[in-house]
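The values are calculated or read from the model by the stated rules, or taken from the named source; none is laboratory data. Since the model is a prediction, treat every value here as computed from it, not as a measurement. So basically every Cβ, Gly included, is an ideal-geometry build from the backbone, and we count neighbours across all protein chains shown.
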Amino acid sequence: MMCRAKTQRRMGVFGSVAHLRQLLGTEGRYVPDLVRAGLLHTWPVAPEACPRCASDYATDATEGDLVVHDYRREQRDPTNADRQSGYRDRNADSNEESNATVPPLSRALSQSLSKSPSVVTPPREPYQVGDDEPEYPVLAWLASRGVSIAPSGNGYHRKVVMMVEKYGPDRVKDAMSEAMAAGAKMDKAVVFGAANLLDPTPSGKPNAVGKGFNPTSEEAWAAFGGKPDVA
(Lines give C-alpha, C1' and ligand atoms only; values in the text may rest on other atoms or scores of the structure.)
Protein backbone atom coordinates (compact mmCIF):
# COMPACT_ATOMS: atom_id res chain seq x y z
CA MET A 1 0.00 0.00 0.00
CA MET A 2 2.81 2.42 0.85
CA CYS A 3 4.44 1.87 -2.54
CA ARG A 4 1.12 2.49 -4.28
CA ALA A 5 0.66 5.67 -2.26
CA LYS A 6 4.01 6.94 -3.51
CA THR A 7 2.99 6.68 -7.16
CA GLN A 8 -0.38 8.41 -6.91
CA ARG A 9 -0.84 11.77 -8.60
CA ARG A 10 -1.76 13.11 -5.16
CA MET A 11 0.85 11.39 -3.03
CA GLY A 12 -0.76 9.41 -0.22
CA VAL A 13 -4.30 9.90 -1.55
CA PHE A 14 -6.47 7.21 -3.19
CA GLY A 15 -9.66 8.10 -5.01
CA SER A 16 -11.88 5.70 -3.07
CA VAL A 17 -11.97 2.39 -1.27
CA ALA A 18 -12.71 0.65 -4.58
CA HIS A 19 -9.73 2.37 -6.19
CA LEU A 20 -7.31 1.15 -3.51
CA ARG A 21 -8.76 -2.36 -3.51
CA GLN A 22 -8.27 -2.58 -7.24
CA LEU A 23 -4.64 -1.45 -6.91
CA LEU A 24 -3.91 -3.98 -4.17
CA GLY A 25 -5.50 -6.92 -5.97
CA THR A 26 -6.08 -9.89 -3.65
CA GLU A 27 -4.69 -7.89 -0.72
CA GLY A 28 -7.48 -5.36 -1.17
CA ARG A 29 -9.67 -7.36 1.21
CA TYR A 30 -7.68 -5.89 4.09
CA VAL A 31 -8.59 -2.26 3.29
CA PRO A 32 -11.53 -2.12 5.75
CA ASP A 33 -9.23 -3.48 8.48
CA LEU A 34 -6.67 -0.75 7.72
CA VAL A 35 -9.39 1.89 8.01
CA ARG A 36 -10.57 0.51 11.35
CA ALA A 37 -6.97 0.41 12.60
CA GLY A 38 -6.52 4.11 11.76
CA LEU A 39 -3.84 3.51 9.11
CA LEU A 40 -6.23 4.91 6.49
CA HIS A 41 -8.74 7.72 6.85
CA THR A 42 -11.85 8.40 4.79
CA TRP A 43 -11.91 12.06 3.83
CA PRO A 44 -12.97 14.42 5.27
CA VAL A 45 -10.98 13.77 8.42
CA ALA A 46 -12.20 15.52 11.53
CA PRO A 47 -9.46 17.60 13.18
CA GLU A 48 -10.16 15.99 16.53
CA ALA A 49 -9.77 12.52 14.99
CA CYS A 50 -6.35 13.21 13.42
CA PRO A 51 -5.25 16.84 13.36
CA ARG A 52 -2.04 16.07 11.44
CA CYS A 53 -3.78 14.36 8.50
CA ALA A 54 -6.56 16.95 8.49
CA SER A 55 -3.87 19.60 7.99
CA ASP A 56 -1.55 17.68 5.62
CA TYR A 57 -4.22 16.72 3.10
CA ALA A 58 -6.43 19.81 3.38
CA THR A 59 -5.50 21.17 -0.06
CA ASP A 60 -5.49 17.88 -1.99
CA ALA A 61 -8.07 15.42 -0.69
CA THR A 62 -11.72 15.53 -1.71
CA GLU A 63 -14.79 13.90 -0.22
CA GLY A 64 -14.70 10.11 -0.44
CA ASP A 65 -10.92 9.84 -0.83
CA LEU A 66 -8.78 7.54 1.27
CA VAL A 67 -5.67 9.13 2.77
CA VAL A 68 -2.76 7.27 4.33
CA HIS A 69 -2.22 8.20 7.98
CA ASP A 70 0.84 10.45 8.50
CA TYR A 71 2.17 9.43 5.08
CA ARG A 72 3.48 12.81 4.03
CA ARG A 73 5.23 13.33 7.33
CA GLU A 74 6.97 9.98 6.92
CA GLN A 75 8.41 11.17 3.58
CA ARG A 76 10.47 13.83 5.34
CA ASP A 77 13.77 12.98 7.02
CA PRO A 78 13.97 15.06 10.21
CA THR A 79 17.70 14.24 10.54
CA ASN A 80 18.59 15.36 7.00
CA ALA A 81 19.81 18.86 7.92
CA ASP A 82 21.89 17.58 10.84
CA ARG A 83 23.46 14.84 8.72
CA GLN A 84 24.41 17.28 5.96
CA SER A 85 25.87 19.72 8.46
CA GLY A 86 27.89 16.92 10.06
CA TYR A 87 29.21 15.81 6.70
CA ARG A 88 30.35 19.33 5.87
CA ASP A 89 32.08 19.62 9.27
CA ARG A 90 33.88 16.28 8.86
CA ASN A 91 35.06 17.09 5.35
CA ALA A 92 35.79 20.77 5.72
CA ASP A 93 39.53 20.33 5.15
CA SER A 94 39.36 17.70 2.42
CA ASN A 95 38.86 20.22 -0.36
CA GLU A 96 41.86 22.23 0.78
CA GLU A 97 44.09 19.15 0.65
CA SER A 98 42.90 18.13 -2.81
CA ASN A 99 43.28 21.68 -4.11
CA ALA A 100 46.86 21.74 -2.83
CA THR A 101 47.74 18.89 -5.21
CA VAL A 102 46.24 20.57 -8.29
CA PRO A 103 48.91 22.22 -10.49
CA PRO A 104 48.59 26.02 -10.58
CA LEU A 105 48.11 26.02 -14.37
CA SER A 106 45.20 23.56 -14.17
CA ARG A 107 43.61 25.58 -11.39
CA ALA A 108 43.96 28.78 -13.41
CA LEU A 109 42.43 27.15 -16.48
CA SER A 110 39.49 25.75 -14.53
CA GLN A 111 38.82 29.14 -12.95
CA SER A 112 38.99 30.94 -16.29
CA LEU A 113 36.58 28.43 -17.85
CA SER A 114 34.14 28.76 -14.97
CA LYS A 115 34.20 32.55 -15.31
CA SER A 116 33.88 32.60 -19.11
CA PRO A 117 30.51 33.87 -20.32
CA SER A 118 28.13 31.26 -21.63
CA VAL A 119 27.68 31.19 -25.38
CA VAL A 120 24.11 31.81 -26.43
CA THR A 121 23.20 30.59 -29.90
CA PRO A 122 21.03 33.18 -31.62
CA PRO A 123 17.72 31.91 -32.99
CA ARG A 124 17.67 31.02 -36.67
CA GLU A 125 15.98 33.48 -38.94
CA PRO A 126 12.92 32.00 -40.64
CA TYR A 127 13.49 31.04 -44.28
CA GLN A 128 11.69 33.55 -46.43
CA VAL A 129 11.14 33.69 -50.20
CA GLY A 130 10.58 36.97 -51.93
CA ASP A 131 8.82 37.42 -55.25
CA ASP A 132 12.23 37.98 -56.84
CA GLU A 133 13.40 34.45 -56.01
CA PRO A 134 13.49 32.09 -59.01
CA GLU A 135 11.24 29.47 -57.39
CA TYR A 136 8.58 32.00 -56.35
CA PRO A 137 6.48 31.67 -59.57
CA VAL A 138 6.33 27.88 -59.10
CA LEU A 139 5.35 28.11 -55.41
CA ALA A 140 2.70 30.72 -56.18
CA TRP A 141 1.38 28.59 -59.08
CA LEU A 142 1.12 25.56 -56.80
CA ALA A 143 -0.59 27.56 -54.06
CA SER A 144 -3.23 28.76 -56.53
CA ARG A 145 -4.01 25.09 -57.22
CA GLY A 146 -4.28 24.05 -53.60
CA VAL A 147 -0.81 22.52 -53.24
CA SER A 148 1.20 24.17 -50.48
CA ILE A 149 5.00 23.91 -50.47
CA ALA A 150 6.29 25.87 -47.49
CA PRO A 151 9.36 27.98 -48.35
CA SER A 152 11.14 26.64 -45.28
CA GLY A 153 14.17 25.04 -46.86
CA ASN A 154 12.78 21.54 -46.29
CA GLY A 155 13.17 18.63 -48.71
CA TYR A 156 10.24 19.51 -50.97
CA HIS A 157 11.24 23.15 -51.18
CA ARG A 158 14.86 22.29 -51.97
CA LYS A 159 13.69 19.90 -54.69
CA VAL A 160 11.65 22.69 -56.29
CA VAL A 161 14.63 25.05 -56.12
CA MET A 162 16.91 22.49 -57.82
CA MET A 163 14.39 21.83 -60.58
CA VAL A 164 13.87 25.55 -61.21
CA GLU A 165 17.61 26.18 -61.33
CA LYS A 166 18.05 23.34 -63.85
CA TYR A 167 14.98 23.68 -66.06
CA GLY A 168 13.45 27.08 -65.34
CA PRO A 169 10.07 27.81 -63.76
CA ASP A 170 7.99 27.35 -66.92
CA ARG A 171 9.19 23.79 -67.61
CA VAL A 172 8.77 22.90 -63.97
CA LYS A 173 5.19 24.18 -63.96
CA ASP A 174 4.44 22.24 -67.15
CA ALA A 175 5.81 19.04 -65.58
CA MET A 176 3.82 19.61 -62.39
CA SER A 177 0.69 20.28 -64.43
CA GLU A 178 1.22 16.98 -66.26
CA ALA A 179 1.75 15.17 -62.96
CA MET A 180 -1.43 16.66 -61.52
CA ALA A 181 -3.36 15.71 -64.66
CA ALA A 182 -2.14 12.12 -64.12
CA GLY A 183 -3.63 12.09 -60.62
CA ALA A 184 -1.06 13.66 -58.30
CA LYS A 185 -2.73 15.79 -55.64
CA MET A 186 -0.48 15.90 -52.58
CA ASP A 187 2.67 18.02 -52.40
CA LYS A 188 5.00 15.00 -52.40
CA ALA A 189 3.38 13.41 -55.43
CA VAL A 190 3.36 16.67 -57.41
CA VAL A 191 7.00 17.55 -56.68
CA PHE A 192 8.52 14.14 -57.21
CA GLY A 193 6.16 13.32 -60.07
CA ALA A 194 7.42 16.41 -61.89
CA ALA A 195 11.00 15.46 -61.06
CA ASN A 196 10.44 12.01 -62.58
CA LEU A 197 9.09 13.56 -65.74
CA LEU A 198 11.92 16.08 -66.04
CA ASP A 199 14.81 13.74 -65.27
CA PRO A 200 14.96 10.85 -67.77
CA THR A 201 17.15 7.81 -67.13
CA PRO A 202 20.37 7.35 -69.18
CA SER A 203 18.52 4.94 -71.47
CA GLY A 204 16.14 7.71 -72.48
CA LYS A 205 13.19 6.24 -70.60
CA PRO A 206 11.49 8.37 -67.96
CA ASN A 207 11.83 7.37 -64.34
CA ALA A 208 9.07 5.38 -62.71
CA VAL A 209 6.15 7.55 -61.69
CA GLY A 210 6.06 8.60 -58.05
CA LYS A 211 3.49 7.98 -55.37
CA GLY A 212 0.17 9.68 -55.94
CA PHE A 213 -0.23 8.60 -59.58
CA ASN A 214 -2.79 6.07 -60.72
CA PRO A 215 -1.70 5.31 -64.32
CA THR A 216 -3.39 2.74 -66.46
CA SER A 217 -1.47 -0.38 -67.38
CA GLU A 218 -0.88 0.99 -70.89
CA GLU A 219 0.58 4.21 -69.46
CA ALA A 220 2.80 2.23 -67.11
CA TRP A 221 4.16 0.03 -69.91
CA ALA A 222 4.62 3.11 -72.12
CA ALA A 223 6.85 4.66 -69.47
CA PHE A 224 9.22 1.72 -69.90
CA GLY A 225 9.21 1.57 -73.68
CA GLY A 226 6.12 -0.52 -74.32
CA LYS A 227 4.79 -3.88 -73.29
CA PRO A 228 7.03 -6.78 -74.42
CA ASP A 229 5.61 -9.36 -76.78
CA VAL A 230 5.08 -12.68 -75.08
CA ALA A 231 5.08 -15.66 -77.41
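Among the listed residues 46, 18, 54, identify the single one that is loosely packed, with under 12 Cβ neighbours inside 10 Å and either in contact with a Leu (Cβ under 6 Å, 6 or more places away or on another chain) or small (Gly, Ala, Ser) (or both). Don't jump to the end; show me each part of the working.
On the way: 18 fails: loosely packed, with under 12 Cβ neighbours inside 10 Å; 54 fails: loosely packed, with under 12 Cβ neighbours inside 10 Å.
Checking each option against the conditions leaves just 46.
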Problem - Single unsatisfied condition, residue 73 versus (1) modelled with pLDDT of 85 or more; (2) under 30 Å from residue 12 (Cα atoms) - result: (1)
Practice task
Quick one: which helices (runs of 4 or more DSSP H) lie wholly within the stretch 102-194 and hold at least 3 residues that are crowded, with 16+ Cβ neighbours inside 10 Å and at pLDDT 85 or above?
Solution key: 155-167, 169-181
